[in-house]
Every structure is written in C-alpha cells, then in structure tokens.
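The values are calculated or read from the model by the stated rules, or taken from the named source; none is laboratory data. All values reported here derive from a predicted model rather than from experimental measurement. Every residue, glycine among them, receives a Cβ derived from its backbone with ideal geometry; neighbour counts consider all protein chains shown. Each accessible area value is taken on the protein alone, full model and side chains, heavy atoms only, with ligands, DNA and RNA left out. Shrake-Rupley method; radii C 1.70, N 1.55, O 1.52, S 1.80 Å.
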Amino acid sequence: MAQLIPSQPTGDLSLGCVRVFHALKRLPDDWTIWLSMSADPGATPDFLACHRRTNRCYLFCVINATKGAIQHEHITHELERIQRFRQGLSAADSLGCIVCHHDLERLPLELESDLADARVHFIGRADLRESELEARLLAIPVQALNKLEFRELRTRFTPESRIDVSLAKAAAVPLMSHEPPAPMFLDLRQEELTKRDLELSEDAEQAVTNVGLRLLTGVAGSGKTLVLLHRAALLAARASSAKILVLTFNKPLTQELVHRLKRLDPKGRVQCLNFHSWLGKVWHFQGKWPTIQGLEKDEVLHDIGQEVLGKSSGLLPKLGSELDWIQDSGIVEWEEYASADRKGRGFRLTAPQRELFWKANDYWRGFLEQRKRGDYPHFGYRYFLALRAGLNPVDLYDYILVDEAQFFARTWFEAVRRHLKPGGKLFLAADPSQGFLRSGTRWAAAGLDVRGKSDRLTRSYRTTKPILECAWGFLASRCPELGEDVVLPDMASMVEGPEPRVYQARDLDEQIRIAAKEIAEEVKLGVPASAYLVLISDGLLLKNVISKLRNYSDGVISITGDGLDPTSVRVCSLDKATGLEAHTVYVLGASDLLDGEGDPTRSEEDRTALREQNGKRLYMAFTRAARVLRIGWSGSVPTLLELKLPGLVGRSSVPGALQG
C-alpha cells in the first residue's frame with residue numbers, strides 16, 4: 001500500500017478527489033503520494049505522486065464534475081492549473097501530468113486532443129483500478145528527477161513541510177565542514193503527523209462531549225516541536241477564522257517558539273504563550289496577587305514544616321514538592337488526598353504522615369489566602385477551583401497545541417480543555433523521559449485518555465549518536481523502570497560526531513573558568529556566540545555564573561541569562577533548559593546534583609527517587625547538544641560515564657584542554 005500524506009482525506013475534499021485518493025492509496029508501497037494542502041485549490045494540482053524506486057514524479061488534477069457534464073472549460077481549467085504550477089520549474093518537462101476522473105472511462109475525442117496537445121494524459125475509471133493503475137503510470141514517458149529537482153518540486157507543492165534552515169540553529173552552525181546540512185523538509189513520518197486529523201469535529205454530540213486529543217511523544221531532538229509548529233502554521237493557513245493557541249511551560253522556550261513562528265506564521269495568527277502568562281490574560285485574578293517563589297517560599301515552607309512535622313523530621317525536604325503536587329493534582333479535600341494514588345512520587349507516606357502533610361497544606365493555603373500571595377502551582381489550583389465553581393472561561397480556541405506537555409499539571413490541563421470550543425482539537429507534544437518537574441504524574445492522572453490517540457517519533461535529528469548513547473545510557477542506568485510511556489531511541493541511522501567530553505575540575509569555579517576560556521578562544525576564531533549554551537545545575541547561582549563567565553572571558557563574549565537572547569552565549573538553569581538547543585553545550589555543576597544521593601539520612605526509597613530524577617535532568621541537559629557536549633565534573637566521575645567515554649575523562653585545568 002502506498003504512503004499517502006496525510007493518511008486520510010481532509011474534510012474539504014470533493015467526492016472525486018476522495019475517490020482518487022483511495023485509488024492512489026492502493027498503489028504498491030514504493031509509492032509516496034502527497035495531497036495538496038494549499039488554501040488556494042486553483043494554484044496547485046490535487047496530488048503529487050512519487051515512485052521512489054525510479055524517482056519518477058506525477059501531478060494529478062481531478063475533474064470535479066459529473067461525467068455527463070464535463071465540458072471543454074473543465075479541461076481548460078485543469079490544463080491551466082498544471083501550466084501555472086509547472087511554470088519556472090527546472091524539471092517541468094520531466095513530470096508526468098495527469099487529468100483524471102473517477103467515474104469516466106475516457107474523454108470525448110475532441111477533449112482528449114486538448115490534453116494530447118499539452119502532453120497531458122487522462123486516467124479514468126478503468127485505469128484507477130488497483131490492477132491497472134501502476135502499469136498505466138509507468139507507461140507514461142517520464143524522466144527521473146535528481147535530488148535538486150525533487151527538492152524544488154517539493155518546495156512548490158508542499159511548502160508547509162519545508163524546514164527553515166535558519167531556524168535550525170543547533171545543526172546549522174558550520175564548525176566542521178564535514179557536518180551534514182539540516183534537512184530541508186520534515187521527514188515523511190513527521191510530515192504525516194503534522195497533517196493528520198486537522199479538521200474540527202462536525203458531529204454535534206461528539207463536539208460537546210469530547211475533546212479531539214492527539215499525543216505525540218518522541219526522543220529528544222526527534223522533531224516534536226517542529227511538528228507542533230508546522231501543524232500550528234498549517235492550521236492558520238487553512239482555517240483563516242480559527243483561533244489557535246500554542247502553550248508551553250517556561251519563558252525561554254516560549255521566546256524560542258515565538259521566534260520560529262514568526263517565520264512559519266508571518267501574519268501572526270497563532271498566539272504563543274507560556275501557561276502562566278496565558279492564565280494571566282484569561283483570568284485577571286492572577287495578576288492581582290504577587291508571586292511568592294525562590295528563597296522566600298522556601299523559608300515559609302521551612303517554618304510550616306518545622307511546626308507541623310517537627311524540626312528533626314526527615315520529611316522536611318519533601319514538603320515543598322508534596323504541596324506543589326497537591327495543588328497541581330487539584331486535590332481539594334482531605335478525603336481526596338487520603339485516598340490519592342501517589343505512585344511515582346518517590347517516597348511513601350503512612351496514614352499519620354499524610355495527615356501531617358495535609359495539615360501543612362492547610363497552613364500553606366491559609367498563608368497564601370491571608371497574605372494575598374500565590375505561587376505557580378497555587379495559581380493553577382485556584383483557577384481550577386474557579387472553573388469548578390462555575391466560572392465561564394473567556395477566550396475559547398479552536399485549536400490548542402501544548403509543547404513539552406510532560407511538564408503540565410492536571411489543573412493546567414483542565415484549564416486548557418475548558419478553553420477549547422466544542423469540537424476543538426488538543427495536540428500535545430511530550431518526552432516522558434524528561435518529566436522531572438511533574439514527578440509522579442501520568443497521563444491518566446492528568447485527566448487525559450490517550451489510548452489509541454498517540455504517536456511516536458524514535459529518530460533524533462538534533463544530536464549525534466555518541467551524545468545520545470551517552471545520555472541514554474546514563475538515564476537507563478539510573479531509571480531501570482522507565483515506564484511504557486518512554487520512547488526508546490532508534491540510533492541505527494543517526495549522525496556520527498565527536499565523543500562527549502567529561503572533564504574534572506577542582507570545583508565549579510574552575511569549571512566556569514575553563515568553559516569561559518574555551519568559548520572565548522573559539523569566538524575569536526569566528527564561531528558565533530549563538531553556537532553555545534551553558535547549563536548550570538543550580539538556578540540560584542545563575543547570576544554569579546554569568547558574571548564569572550564574563551570576567552574569565554575578558555569580555556570577549558556576549559552573554560545572556562535564561563537563554564533569552566539567541567544572538568549571545570546563552571546561560572540557563574538546568575530546570576529551564578527543556579526545548580532549548582545549541583551546537584555546543586556545556587553542562588556545569590553536574591556532579592553537584594549527585595551529592596545528595598549518598599546522604600545516609602535519606603531512606604533507600606528517597607535515594608532511588610533522587611537518582612531517577614537526576615538521571616532525567618542530566619539526560620535532558622546532555623541532549624540539548626547538537627554536535628559538541630562538554631560536561632564539567634568535580635570529584636569522582638560516575639562509572640557509567642567512564643565506561644561510555646573511555647579515554648575522555650581526565651583532569652583539565654588549562655584553557656584549550658577540551659577538544660570537542
């Protein structure tokens with residue numbers, strides 16, 4: 001069976017096109033056929049068919065008239081479509097051009113002569129039979145297209161699938177002449193997922209009761225965000241009146257998505273925000289209460305924990321995480337918490353301990369209400385309560401697309417679903433192996449039934465085989481039970497590249513100094529500052545790290561925090577790095593994450609949970625690198641990294657010691 005993209009007919013196709021669609025689908029599996037997604041049906045033929053074994057290509061125009069009503073003007077119209085499309089193509093004379101009708105055996109002689117004069121062929125009902133179609137097509141004199149001609153043809157017929165190479169920053173930086181260029185088009189799997197199931201529901205009952213949900217999961221760098229953005233832009237081009245929203249979870253990634261959407265959606269019809277910025281727009285209550293976070297929040301929770309749990313309780317470090325989970329899960333009453341499934345949380349609680357945590361939760365919520373303050377989980381929780389109490393949401397959308405959905409909480413998803421119009425579509429892109437910020441949350445627990453509605457991407461394009469092998473090996477060694485949601489990478493056809501480099505330094509300060517000197521030297525040689533991303537394990541040290549990088553580089557490099565300036569060396573805390581990428585990535589302070597794993601005051605269950613969390617965090621950090629990964633380490637290097645990177649672990653204390 002041939003591969004058709006999209007795999008099902010779109011809702012606006014004529015009956016004739018639908019019949020031809022199914023006829024083409026019955027071709028053997030060495031055919032790929034694209035259905036035109038153009039908003040102007042008069043500008044492009046209906047189908048482009050490619051016989052991959054011979055590189056022959058065919059254009060199909062379908063006559064949309066009953067067989068008894070076909071006139072000269074119908075043929076003229078189809079010939080004009082073909083002529084307009086072929087004009088200027090270097091391979092115009094090499095294409096097979098076909099006018100077809102699903103219910104007509106042959107054209108009248110005077111109409112056939114019009115086609116013959118234009119070197120266009122007619123295919124009718126008999127030719128469209130499964131046993132006849134391929135032989136009929138291969139009998140048409142057509143020349144094979146070379147790669148450049150085929151790219152030109154694809155650019156004209158499927159412009160919505162063309163990748164803007166200037167936006168593929170990580171892969172496009174020309175540090176090594178032998179590196180392959182970024183692909184010019186979505187691969188066939190990505191393209192099919194981009195174009196699948198685009199139409200809004202027309203079934204009134206289904207529109208009211210169900211959300212049209214699709215989940216796309218994939219390994220790091222497999223093109224999940226690419227599919228999501230191209231899908232959003234395609235929806236904007238095809239549905240001019242539709243309201244389309246792209247959401248993600250943090251500001252650095254939001255800015256990256258906005259930057260890319262400007263090229264894909266030049267009219268700005270797609271709205272793109274992080275969740276809490278969007279929440280502030282649709283629910284003005286949030287902006288009235290100042291946010292409490294960071295050290296201020298930690299101090300309040302520490303005081304509550306000491307009062308409720310006791311000053312020496314080993315559960316004190318868990319309090320903040322558990323209270324965030326309670327808010328994110330939308331748990332309102334004690335009875336809900338007492339019976340809640342905490343599987344995956346990483347530590348157990350006895351019934352009396354749950355009672356204490358719930359008491360602490362009451363104190364925390366009371367503190368926020370009394371002081372008229374809120375933190376990010378609490379704002380989502382309060383909006384969840386408002387919706388349950390009958391608040392009618394404003395700003396409803398036809399399509400909502402969520403990037404990095406593994407970091408969204410149940411309360412967030414509830415808000416998103418309530419802002420979809422009846423019959424609206426929800427598209428989620430996620431990598432469950434990176435879900436360390438929402439530990440313990442599963443799709444079902446978030447209120448999402450993804451059974452039969454999910455697809456996977458297994459091949460990584462962003463990074464190299466050595467980097468992904470290193471990252472995946474490190475993750476698997478720390479998370480022996482990754483769960484069925486996690487996508488296993490297909491490394492067979494990945495690009496080779498330099499091995500990652502782990503370098504030992506006395507402390508974090510020396511790691512920073514080495515990174516600064518290295519980057520400065522390479523920038524002086526002409527490498528753009530945007531090629532580098534520096535990730536720091538502790539976000540509280542971000543400003544200090546930026547200051548030291550500037551000082552140690554003698555002011556040679558331009559640096560920005562939180563990854564917000566794509567023209568500078570970006571420095572970002574590890575927890576805000578998801579979705580970012582760069583040609584060269586430094587991971588600094590990685591060893592500091594592991595310090596708590598050997599703490600004898602922690603339970604074995606607690607240490608196991610911490611190992612898994614750290615494995616996911618560093619997997620995410622390592623896979624931000626497209627070609628070069630450099631890992632700073634203080635103290636002994638984990639055995640796994642030594643085994644994965646033989647000969648690449650050693651002490652470095654002089655500038656220039658790290659080579660790729």
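Within the set of pairs 6+ apart or on separate chains, which have a first residue in the range 52-76 that is open to solvent by 50 Å² or more (accessible area, probe 1.4 Å), a second that is in a helix (DSSP H, G or I), and C-beta atoms under 6 Å apart? What qualifies is N64/G16. Put simply, of D562, D599 the only residue that is open to solvent by 30 Å² or more (accessible area, probe 1.4 Å) and either within 30 Å of K224 (Cα to Cα) or modelled with pLDDT of 85 or more (or both) is D562.
Taken together, A116, A92 contain a single residue that is farther than 24 Å from T32 by Cβ and either open to solvent by 60 Å² or more (accessible area, probe 1.4 Å) or at pLDDT 90 or above (or both), which is A116. Taking into account only those residues within the range 156-207 that are at pLDDT below 50, open to solvent by 70 Å² or more (accessible area, probe 1.4 Å) and part of a loop (DSSP other than H, G, I, E, B), which is nearest to A237 (Cα to Cα)? For the range 156-207, the residue satisfying everything is P174. In this structure, T608 qualifies as part of a helix (DSSP H, G or I), in contact (Cβ under 8 Å) with a residue 60 or more places away in the chain and surrounded by fewer than 24 Cβ atoms within 10 Å (Cβ to Cβ).
For F367, the criteria (1) closer than 18 Å to V308 by Cβ; (2) without any contact (Cβ under 8 Å) to a residue 60 or more places away in the chain hold in every case but one, which is (2). If the condition is being part of a helix (DSSP H, G or I) and open to solvent by less than 30 Å² (accessible area, probe 1.4 Å), then the range 325-345 contributes W325, I326, Q327, D328, Y337.
Kindly provide the set of residues from the range 385-409 that are open to solvent by less than 10 Å² (accessible area, probe 1.4 Å) and under 17 Å from H284 (Cα atoms), ordered by number.
Looking only at the range 385-409, we keep the residues that are open to solvent by less than 10 Å² (accessible area, probe 1.4 Å), and these are 387, 397, 400-403, 405, 407-409.
Within the range 385-409, just L387 meets the criteria.
If you go through the range 97-113 and pick out every residue that is open to solvent by less than 60 Å² (accessible area, probe 1.4 Å) and among the acidic types (D, E), you end up with 2. Checking each residue in the range 387-406 for being of a type in the set (A, V, I, L, M, F, W, C) and modelled with pLDDT of 90 or more picks out L387, A389, L391, L396, I400, L401, V402, A405. Consider the range 280-302 and keep the residues that are outside any loop (DSSP other than H, G, I, E, B) and touching a Phe, Trp or Tyr at 6+ places or on another chain (Cβ under 9 Å). The one that is most open to solvent (accessible area, probe 1.4 Å) is T291.
The single condition from (1) at pLDDT below 90; (2) within 28 Å of D554 (Cα to Cα); (3) of a type outside the set (D, E) that V628 fails is (1).
Annotation for the range 27-43: no member residue is open to solvent by less than 20 Å² (accessible area, probe 1.4 Å) and part of a helix (DSSP H, G or I).
Determine, yes or no, whether E522 is of a type outside the set (A, V, I, L, M), in contact with a Pro (Cβ under 9 Å, 6 or more places away or on another chain) and at pLDDT 90 or above. Steps first, answer last, please.
Working: of a type outside the set (A, V, I, L, M): yes; in contact with a Pro (Cβ under 9 Å, 6 or more places away or on another chain): no; at pLDDT 90 or above: yes.
No: the conditions fail for E522.
Taking the range 221-261 as the range and being assigned to a loop (DSSP other than H, G, I, E, B) and surrounded by fewer than 21 Cβ atoms within 10 Å (Cβ to Cβ) as the test, the residues that pass are A239, S240, S241, A242, K243.
I'd like the full set of residues that are open to solvent by less than 60 Å² (accessible area, probe 1.4 Å), part of a helix (DSSP H, G or I) and of a type in the set (A, V, I, L, M, F, W, C), limited to the range 518-540. Within the range 518-540, I519, A520, V523, A529, A531 qualify. Filtering the range 501-516 for residues that are modelled with pLDDT under 85, in a loop (DSSP other than H, G, I, E, B) and open to solvent by less than 50 Å² (accessible area, probe 1.4 Å) leaves an empty set.
Let me confirm something: among L264, L273, which residue is surrounded by fewer than 23 Cβ atoms within 10 Å (Cβ to Cβ) and either without any contact (Cβ under 8 Å) to a residue 60 or more places away in the chain or among the acidic types (D, E) (or both)?
On the way: L264 fails: either without any contact (Cβ under 8 Å) to a residue 60 or more places away in the chain or among the acidic types (D, E) (or both).
After applying the criteria, what remains is L273.
The numbered conditions (1) more than 21 Å from L89 (Cβ to Cβ); (2) modelled with pLDDT under 95; (3) in contact with a Gly (Cβ under 9 Å, 6 or more places away or on another chain) are all true for D127 except (3).
Conditions (1) surrounded by 17 or more Cβ atoms within 10 Å (Cβ to Cβ); (2) hydrophobic (A, V, I, L, M, F, W, C); (3) part of a loop (DSSP other than H, G, I, E, B), marked per residue:
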| position | (1), (2), (3) |
| --- | --- |
| T411 | yes, no, no |
| V416 | yes, yes, no |
| W443 | yes, yes, yes |
| S493 | no, no, yes |
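State yes or no: is G473 open to solvent by 10 Å² or more (accessible area, probe 1.4 Å) and part of a helix (DSSP H, G or I)? Answer is yes for this residue. With respect to L319, determine if the residue is among the aliphatic types (A, V, I, L, M) and part of a helix (DSSP H, G or I). Judged against the criteria, L319 is a match. Filtering the range 542-555 for residues that are surrounded by 21 or more Cβ atoms within 10 Å (Cβ to Cβ), at negative phi and not in a helix (DSSP H, G or I) leaves a non-empty set. E322 meets all of the listed conditions (1) under 20 Å from H276 (Cβ atoms); (2) acidic (D, E); (3) open to solvent by less than 30 Å² (accessible area, probe 1.4 Å) but one, namely (1).
If you filter the range 130-140 down to residues that are over 13 Å from I98 (Cβ atoms) and over 39 Å from the mean Cα position of the chain (by Cα), you find that the one that is least open to solvent (accessible area, probe 1.4 Å) is A135. Contact map, the range 493-509: first residue small (G, A, S), second residue modelled with pLDDT under 90 and surrounded by 14 or more Cβ atoms within 10 Å (Cβ to Cβ), Cβ cut-off under 6 Å, separation 6 or more or different chains; pairs are A505/S634.
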